[in-house]
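Worksheet: the structure to be examined is printed underneath.
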Amino acid sequence: MNQDQRDKLARVLIDEAMTCSERGDADDARTLLRQSVAVRFRDEIERIIKGDEKLLKIFTDMQHDKDVDRKVMARALIHVLIEDKRFLEVYKPKFEILEDQEEN
C-alpha cells in the first residue's frame with residue numbers, strides 16, 4: 001500500500017472514529033483513531049522503532065501542542081508505540097511506563 005492509499009484509509013478510519021464518538025462509543029472511537037494513526041504514520045513509527053530518537057522527541061513534544069488535532073494525533077501515536085513490543089525492547093531501558101492508577 002502506498003502513502004496515498006494509506007492516507008485515504010486513515011481518513012476513513014478517522015471518519016468512523018468521529019461517528020463512534022458522536023454516538024457515545026468512546027472506546028471504539030479511541031481504537032479507530034489509533035488505527036488511523038498507525039496506518040497514516042507507519043513509516044514514521046518504523047523509524048522511531050529503529051531508534052530515531054529525534055523523531056520520537058518531535059512527537060512527544062507535539063503532545064503538548066496548542067493545536068488540539070496535533071495533540072490528539074501525537075498522543076495516539078505514542079499509544080501505538082507503547083503497545084508495540086519492538087518499541088519497548090528498544091526504548092524500555094530509557095524510560096519507565098507507569099500503570100494507570102485510580103484515585104480513591
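Taking the range 1-57 as the range and being farther than 19 Å from residue 83 by Cβ and of a type in the set (Gly, Ala, Ser) as the test, the residues that pass are 21, 24. You will find that of 48, 14, the residue that is within 22 Å of residue 91 (Cβ to Cβ) and surrounded by 12 or more Cβ atoms within 10 Å (Cβ to Cβ) is 48 and no other.
Based on what the data block shows, is residue 74 within 22 Å of residue 6 (Cβ to Cβ), in contact with a His (Cβ under 9 Å, 6 or more places away or on another chain) and modelled with pLDDT of 90 or more? In short, yes. With the structure loaded, tell me whether residue 89 is modelled with pLDDT under 90, part of a helix (DSSP H, G or I), out of contact with any helix residue (DSSP H, G or I) (no Cβ under 7 Å at 6 or more places or on another chain) and not assigned by TED's automatic domain parsing to the domain that holds residue 34 or whether it fails that test. Yes.
The values are calculated or read from the model by the stated rules, or taken from the named source; none is laboratory data. Note that the coordinates shown come from a computational prediction; the quantities given were computed from them, not determined experimentally. For neighbour counting, all protein chains shown are included, and Cβ atoms are generated from backbone atoms with ideal geometry for every residue, glycine included.
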